[in-house]
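Chemist: Handing you this structure, nothing more for now.
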Amino acid sequence: MAKRTVLAAGGVVYREGFGNTGPQFLLVHRNRYHDWSLPKGKLNRGETFEEAAGREVLEETGIKCKIGQFLGGVMYPTQRDRPKLVKYWMLESIKGSFVPNLEVDKAEWVGINGARALLTYNRDARLIERAYNLLDNPTSTRLYVVHHGNAGVRSKWKGPDKKRPLTDKGREQANLLADFMARHPVTEIRSSPSLRCVQMVEPLAKRLSIEVTVNKKLRDTTTVESIRKYLRGLGPGALVLATHKDWIGPLIKDLDAHGVPLRGSRQWPKGSIWVLDLADGKVRAGYFAGKSVISATEL
């Protein structure tokens, strides 16, 4: 029997205008777990994720906040090995002060470098980085561009190409992608209409309770200019895009030709991920994160 998912919500609590460190972020220490993390807690019956985020932060920190940008959901196992889904928002501190309580015995306001040093979990550090980038530039976007997994040989498939499904190996790649990406904040999941692309991100979408949005602009017949136009139209967020080599290849070659800083090898094999950071609709930097089958690797 599958274990029931624990549903929770929390936030990256921030304040500006204190000292010369830039924005400051509130981290909490839980004596029960001996860790430094972001404030969060389980949903009450009938409560939305967003409502729970504000309530839990107030209960754990004593600080009332204004709810802002949705930062995404992450999933990880609890100490009892139950899957836990937590959705996070940016929360601007409005009033109040910390008082130790049963859940949290200490809290610290720190700058971005202090947060990186103090946080116990990589998933929390990624959320802080995401919030920091949005405060620096509200158009900040992170893309995880995924090449669909193995779908056999096109010439041997008898039906319409857009209905060609993933093979067993491809489905394994899709599950490993879900293992990998569930530890990173994701706000949206988009896919080419091709079945193999949709299937590639379905396991991740199920874990994060996010619907897959099908978009014809991610299909394999496209041009560099249409790709540029598509990227310019993206709003802020952390998006997973499932697409084809004929979409990813021209994009990476175009970025390379225009001197955009790119790290890693220039390849895009099936089941692989390119991570791209955008601001003002343009890619500013990126790197090849490898194949999804390397599930233990952290971005």
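Chemist: For segment 94-128, which positions are within 14 Å of Q24 (Cα to Cα) and either of a type in the set (F, W, Y) or exposed (fewer than 15 other Cβ atoms within 10 Å of the Cβ) (or both)?
Modeler: Within segment 94-128, I94, W109, N113, R116, A117 qualify.
Chemist: May I pose another question? If I ask for residues that are under 18 Å from I94 (Cβ atoms) and either touching a residue at least 12 places away in the same chain (Cβ under 8 Å) or under 22 Å from the mean Cα position of the chain (by Cα) (or both), which ones from segment 14-37 would you list?
Modeler: Of all residues in segment 14-37, those under 18 Å from I94 (Cβ atoms) come to 14-18, 23-26, 28.
Those that are under 18 Å from I94 (Cβ atoms) and either touching a residue at least 12 places away in the same chain (Cβ under 8 Å) or under 22 Å from the mean Cα position of the chain (by Cα) (or both): Y14, R15, E16, F18, P23, Q24, F25, L26, V28.
Chemist: Here is a follow-up. Which residue out of V99, V86 is assigned to a strand (DSSP E or B), touching a residue at least 24 places away in the same chain (Cβ under 8 Å), among the hydrophobic types (A, V, I, L, M, F, W, C) and on the phi < 0 side of the Ramachandran plot? Write out each step before concluding.
Modeler: On the way: V99 fails: assigned to a strand (DSSP E or B).
The match here is V86.
Chemist: Would you be able to tell me the number of residues in segment 213-260 that are over 19 Å from G149 (Cα atoms) and among the aromatic types (F, W, Y)?
Modeler: 1
Chemist: Still on this structure, I have one more. Report yes if A107 is among the small types (G, A, S), in contact with a strand residue (DSSP E or B) (Cβ under 7 Å, 6 or more places away or on another chain) and part of a helix (DSSP H, G or I), otherwise no. Show your work before the answer.
Modeler: On the way: among the small types (G, A, S): yes; in contact with a strand residue (DSSP E or B) (Cβ under 7 Å, 6 or more places away or on another chain): yes; part of a helix (DSSP H, G or I): no.
Criteria not met by A107.
Yes or no, residue by residue, for (1) in a loop (DSSP other than H, G, I, E, B); (2) within 23 Å of E129 (Cα to Cα); (3) of a type in the set (K, R):
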residue	(1), (2), (3)
G10	no, yes, no
V28	no, yes, no
G46	yes, no, no
A52	no, yes, no
L58	no, yes, no
K66	no, yes, yes
R80	yes, no, yes
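Chemist: Go through R183, R154, R164 for me and flag whichever is farther than 26 Å from G286 by Cα and touching a Phe, Trp or Tyr at 6+ places or on another chain (Cβ under 8 Å). Working first, answer last.
Modeler: Details: R183 fails: farther than 26 Å from G286 by Cα; R154 fails: touching a Phe, Trp or Tyr at 6+ places or on another chain (Cβ under 8 Å).
Exactly one residue qualifies, and that residue is R164.
None of the figures in this text is laboratory data; all of them are computed from the coordinates on show. If you're wondering where the values come from, they're calculated on a predicted model, not measured in any experiment. No Cβ is skipped: glycine too gets one built from the backbone with ideal geometry, and neighbour counts run over all protein chains shown.
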